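Asker: Provided herewith is a single structure, encoded as structure tokens, for subsequent inquiry.
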Amino acid sequence: MPRVPEVFSVPDTLAEVTRRLVAAYLPDGAAPPRTRQPDLLNELIRTILGQQNTREAADRQFRALRAAYPAWEAALLDGPDGIETTLKDAGGGLHRAKAAHLYGLLTALAERAQAGGHSLGLGDLVGLTDEQARAALESLPGVGRHTASLLLLFDLHRAAMPVEGNLDRLARRLEWVPDAWSAARVTRWYDAVTPRTAPDRLALHVAGVRHGRATCTARHPRCDRCVLQGLCPSAALLGPKSEGRPLSSEADDDVFF
């Protein structure tokens with residue numbers, strides 16, 4: 001039997017929470033879309049390097065890869081061991097796993113390029129529908145729903161809704177979703193209830209991540225300075241307030257995932 005679609009309700013406080021977060025963390029609005037199409041393969045590789053890594057380490061690793069491999073075909077010729085050595089020398093963790101992911105990704109793209117008679121890359125995603133582009137991305141080794149959503153939202157300006165730990169925690173603390181829900185179900189919930197436009201989802205994603213990093217932290221959340229006071233039912237349950245840096249719209253300015 002076909003699976004019955006889940007029906008999710010929009011919380012009464014969603015619009016006000018979004019308004020407060022955007023006002024606090026994006027006072028000038030979300031970054032405008034790029035006027036020039038980025039190199040999608042470069043951005044996908046940057047995103048993979050950023051998983052479980054600091055932004056600084058991921059940037060170092062990407063620069064090292066570009067210096068070692070001016071064309072990604074050269075990384076294929078060097079093989080996973082060569083890619084791993086390049087990543088390891090640049091610093092940052094999980095270099096072996098990331099090298100395997102990158103080699104698998106490049107191998108799959110090279111096979112696809114050969115079959116289609118085009119160059120290695122992801123330029124063909126631009127002409128696809130949202131569903132087709134997501135399916136094409138998630139068919140690649142090492143690319144899951146979250147990674148695909150990041151590329152779709154930030155680089156293709158599609159109405160995807162990436163949900164990582166900060167947004168997951170926000171929904172649970174606001175009691176928008178039950179604690180028993182899996183992370184995958186929370187992701188489906190966000191996708192169902194948030195406005196289906198790229199600017200709206202970009203603003204909520206960026207503001208929500210910054211809020212989670214600066215204020216609504218996993219441990220010792222700074223409820224005394226939270227812009228969601230009066231809306232969050234969990235504030236009274238989270239223990240004594242801890243000292244920390246003041247709320248700033250510039251907090252974790254380089255973090256988008």
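The values are calculated or read from the model by the stated rules, or taken from the named source; none is laboratory data. Computed from a predicted model, the values in this text were never measured in an experiment. Glycine gets a Cβ as well: all are built from the backbone with ideal geometry, and neighbour counts include every protein chain shown. Note: accessible area is taken over every heavy atom of the protein model, side chains too, but ligands, DNA and RNA are not part of it. Shrake-Rupley method; radii C 1.70, N 1.55, O 1.52, S 1.80 Å.
Asker: Would you mind telling me which numbered condition in (1) loosely packed, with under 15 Cβ neighbours inside 10 Å; (2) at pLDDT below 95 Gly142 fails?
Answerer: So the condition that Gly142 fails would be (1).
Asker: Out of the residues in region 121-136 meeting the condition of being in a helix (DSSP H, G or I) and in contact (Cβ under 8 Å) with a residue 24 or more places away in the chain, tell me which one is surrounded by the fewest Cβ atoms within 10 Å (Cβ to Cβ).
Answerer: The extreme case among them is Val126.
Asker: Return yes when Ala148 is without any contact (Cβ under 8 Å) to a residue 60 or more places away in the chain and open to solvent by 60 Å² or more (accessible area, probe 1.4 Å) and no when it is not.
Answerer: no
Asker: Here are some residues: Leu137, Leu128, Leu65. Which one is at pLDDT 95 or above, under 18 Å from the mean Cα position of the chain (by Cα) and under 25 Å from Glu164 (Cβ atoms)?
Answerer: Of the residues listed, the single one that is at pLDDT 95 or above, under 18 Å from the mean Cα position of the chain (by Cα) and under 25 Å from Glu164 (Cβ atoms) is Leu137.
Asker: Restricting to region 79-106, name every residue that is at positive phi and modelled with pLDDT under 95.
Answerer: Gly91, Gly92, Leu94 - these are the residues of region 79-106 that are at positive phi and modelled with pLDDT under 95.
Asker: Considering only residues that are among the β-branched types (Val, Ile, Thr), over 16 Å from Asp28 (Cβ atoms) and under 18 Å from the mean Cα position of the chain (by Cα), which ones fall in region 202-223?
Answerer: Within region 202-223, Val209, Thr217 meet the criteria.
Asker: Counting just the residues of region 199-228 that are of a type in the set (Lys, Arg) and in a helix (DSSP H, G or I), which one comes out modelled with the lowest pLDDT?
Answerer: If we take residues in region 199-228 being of a type in the set (Lys, Arg) and in a helix (DSSP H, G or I), then Arg225 is modelled with the lowest pLDDT.
Asker: For the structure I just gave you, tell me whether Ala67 is out of contact with any helix residue (DSSP H, G or I) (no Cβ under 8 Å at 6 or more places or on another chain) and farther than 25 Å from His205 by Cα.
Answerer: yes
Asker: Here is a further query. Need pairs with beta-carbon distance below 6 Å; first residue part of a loop (DSSP other than H, G, I, E, B) and within region 175-190, second of a type outside the set (Ser, Thr, Tyr) and exposed (fewer than 14 other Cβ atoms within 10 Å of the Cβ); sequence gap 6+ or separate chains.
Answerer: Final answer for the pair search is Glu175/Pro233.
Asker: Another one. Could you look through region 155-186, keep only residues that are touching a Phe, Trp or Tyr at 6+ places or on another chain (Cβ under 6 Å) and β-branched (Val, Ile, Thr), and pick out the one that is surrounded by the most Cβ atoms within 10 Å (Cβ to Cβ)?
Answerer: Checking each candidate, the answer is Val163.
Asker: Of all residues in region 145-174, count the ones that are farther than 25 Å from Arg46 by Cα and not in a helix (DSSP H, G or I).
Answerer: Counting residues in region 145-174 that are farther than 25 Å from Arg46 by Cα and not in a helix (DSSP H, G or I) gives 1.
Asker: Sticking with this one: How many residues does region 202-219 hold that are out of contact with any helix residue (DSSP H, G or I) (no Cβ under 6 Å at 6 or more places or on another chain), touching a residue at least 24 places away in the same chain (Cβ under 8 Å) and of a type in the set (D, E, K, R)?
Answerer: Qualifying residue count, region 202-219: 1.
Each row is one residue, and each column tells you yes or no for (1) part of a helix (DSSP H, G or I); (2) touching a residue at least 40 places away in the same chain (Cβ under 8 Å); (3) within 29 Å of Arg213 (Cβ to Cβ); (4) open to solvent by 80 Å² or more (accessible area, probe 1.4 Å).
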residue	(1), (2), (3), (4)
Arg46	yes, no, yes, yes
Ala58	yes, no, yes, no
Glu73	yes, yes, no, yes
Gly79	yes, no, no, no
Glu84	yes, no, no, no
Lys88	yes, no, yes, yes
Leu102	yes, yes, yes, no
Leu109	yes, yes, no, no
Ser119	no, no, no, yes
